[in-house]
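The values are calculated or read from the model by the stated rules, or taken from the named source; none is laboratory data. Bear in mind the structure is a predicted one, so any value in this text is a computation, not a measurement. Here the Cβ positions follow ideal geometry from the backbone for every residue, glycine too, while neighbour counts run over all protein chains shown.
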């Protein structure tokens, strides 16, 4: 699967958050999106996920949605799934329900078999959640909430999973655990796009680095990448 | 006493169902539809008008009105709710409350213009002699109304709790970004719930009309009592709204039977005010789940 951005510009009123961006992301790649806060990383991911309106073209496998189709729903059905900044969980629903809602991407019926399969995959990746499945998501710690958000994203069966600031507000030990999990996903061949303000972990994980500064996107060449890792 | 109690349960079903409709819509979209009662009254008057003035079969009349209401709800959501949601996310609930209040007044005025001030009712969908159980006289439309209320409430509860779409409806009211990243189009879910709640309200109005009879102005007080039932259910729990609605109906009937029938509604609101003042926590935080 291939995501193509052609001359994409994202505006919020008179402010240009992302300017004339051209980029190609493959489902066999892990892409780190780095850059200072407020420079357009989130806008880039939101545009790809259909959460931000833009000028230009974003194609998945050469196709774009029709005008009447909600772009965010279309992107998810095409296998492009975002784990948004601050997770966007449903705080007064259980962890189990939060995760199972990810299945809406490909089905409207939850069979017992599908439910068991999704929960087994989740606990395989995040065994810490086993005792929390019936708790409200809003009662969990930041790290646990991030796990739920990733599990919900994975329940959508994505070809490319995009994570916006996954380590934001988390303790260092939790961040390491999180990146271990992302590394497992990478080993399994999952396409990843990780936007981070503090780039070290993301650069280590990924094989392509895209820097976003003042709304301008550039793919960092290999020597620059190696300089970025201490 | 038994007859009063039964009459209270019947009118309470009406308040409860209106309350449940308000809850489901608020749960998904944060819209409080105060016009639900007036829309139901208008639907009833329209069906009665088709039957009386054009000699249509009752089911044909109901079908025409429900289709017209579905189209109207679609247009209202597209032309009013969606643009407001896009513009005023912070004050959306307050703004929409006034818009649905305006809709309520508009529908009431149209009802008076088109159908006059007389009391109208749709013929009973289940007609025949009343049942007598001791001193209790039970009309067939009342049994039908209670049965449909119980079945519809149980079905709605199971739907919201056990199906994926039911979970989506709950999730829509909690985090819009969250539902969009799992592929839900929240506008579509809100539209479906709006149409569904308006049609359910209209259908229950038609069901209850052989018992209560409607005028153009019946809707607002019914909708307001529905809103009270919904408020006791924190605007999110439709099952509780139905139960509270029935309790309100029973209280109203007992006040009418044993205290005063002239100030029945005033007394009901008085009792509810005392209950809320005595136990403010009963309302909890509107919009919060248990």
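When you look at residue B:200, is it crowded, with 21+ Cβ neighbours inside 10 Å, under 30 Å from residue B:273 (Cα atoms) and either touching a strand residue (DSSP E or B) at 6+ places or on another chain (Cβ under 7 Å) or more than 12 Å from chain A (Cβ to nearest Cβ) (or both), yes or no? No: the conditions fail for residue B:200. Being more than 24 Å from residue A:46 (Cα to Cα) and over 18 Å from the mean Cα position of the chain (by Cα): is that true of residue B:166 here? It is true that residue B:166 is more than 24 Å from residue A:46 (Cα to Cα) and over 18 Å from the mean Cα position of the chain (by Cα).
Can you pull out the residues in the range A:123-139 that are surrounded by 21 or more Cβ atoms within 10 Å (Cβ to Cβ) and over 9 Å from residue A:95 (Cα atoms)? If the condition is that a residue be surrounded by 21 or more Cβ atoms within 10 Å (Cβ to Cβ) and over 9 Å from residue A:95 (Cα atoms), then A:126 is the only one that fits. For the range A:79-98, taking the residues that are without any contact (Cβ under 8 Å) to a residue 60 or more places away in the chain and under 19 Å from residue B:189 (Cβ atoms), the one that is surrounded by the fewest Cβ atoms within 10 Å (Cβ to Cβ) is identified as A:91.
Restricting the search to the range B:55-70, which residues are outside any loop (DSSP other than H, G, I, E, B) and in contact with a helix residue (DSSP H, G or I) (Cβ under 9 Å, 6 or more places away or on another chain)? Residues satisfying the conditions are B:58, B:60, B:61, B:62, B:64, B:65, B:66, B:68, B:69, B:70. For the range A:87-98, residues that are at the interface with another protein chain (Cβ under 7 Å from one of its Cβ atoms) and outside any loop (DSSP other than H, G, I, E, B) total 1. Looking across the range A:1-21, just one residue is under 30 Å from residue A:188 (Cα atoms) and not in a strand (DSSP E or B), and that is A:1. For residue A:149, the conditions (1) facing chain B (nearest Cβ under 8 Å); (2) buried (at least 17 other Cβ atoms within 10 Å of the Cβ) are fulfilled apart from (1).
Criterion applied to A:81, A:24 was being assigned to a strand (DSSP E or B), modelled with pLDDT under 95 and either farther than 23 Å from residue A:145 by Cβ or within 14 Å of another protein chain (Cβ to nearest Cβ) (or both), and the one residue passing it is A:24. Here residue B:7 fulfils each of the conditions (1) surrounded by fewer than 24 Cβ atoms within 10 Å (Cβ to Cβ); (2) more than 20 Å from residue B:244 (Cβ to Cβ); (3) at pLDDT below 95 apart from (2). Taking (1) assigned to a loop (DSSP other than H, G, I, E, B); (2) out of contact with any helix residue (DSSP H, G or I) (no Cβ under 8 Å at 6 or more places or on another chain); (3) under 23 Å from residue B:208 (Cα atoms) in turn, residue B:52 satisfies each apart from (1). Output the residues belonging to the range A:99-121 that are at the interface with chain B (Cβ under 8 Å from one of its Cβ atoms) and either buried (at least 21 other Cβ atoms within 10 Å of the Cβ) or modelled with pLDDT of 95 or more (or both). Correct list: A:100, A:101, A:102, A:103, A:104, A:105. Of the candidates A:158, A:127, the single residue that is in contact with a strand residue (DSSP E or B) (Cβ under 8 Å, 6 or more places away or on another chain) and on the phi < 0 side of the Ramachandran plot is A:158.
Restricted to the range B:95-190, the set of helices (runs of 4 or more DSSP H) holding at least 2 residues that are within 14 Å of chain A (Cβ to nearest Cβ) and buried (at least 18 other Cβ atoms within 10 Å of the Cβ) comprises B:164-172, B:176-180.
Of all residues in the range A:44-78, which are out of contact with any helix residue (DSSP H, G or I) (no Cβ under 8 Å at 6 or more places or on another chain), touching a residue at least 60 places away in the same chain (Cβ under 8 Å) and away from chain B (no Cβ under 11 Å)? Of everything in the range A:44-78, those that are out of contact with any helix residue (DSSP H, G or I) (no Cβ under 8 Å at 6 or more places or on another chain), touching a residue at least 60 places away in the same chain (Cβ under 8 Å) and away from chain B (no Cβ under 11 Å) turn out to be A:44, A:61, A:62.
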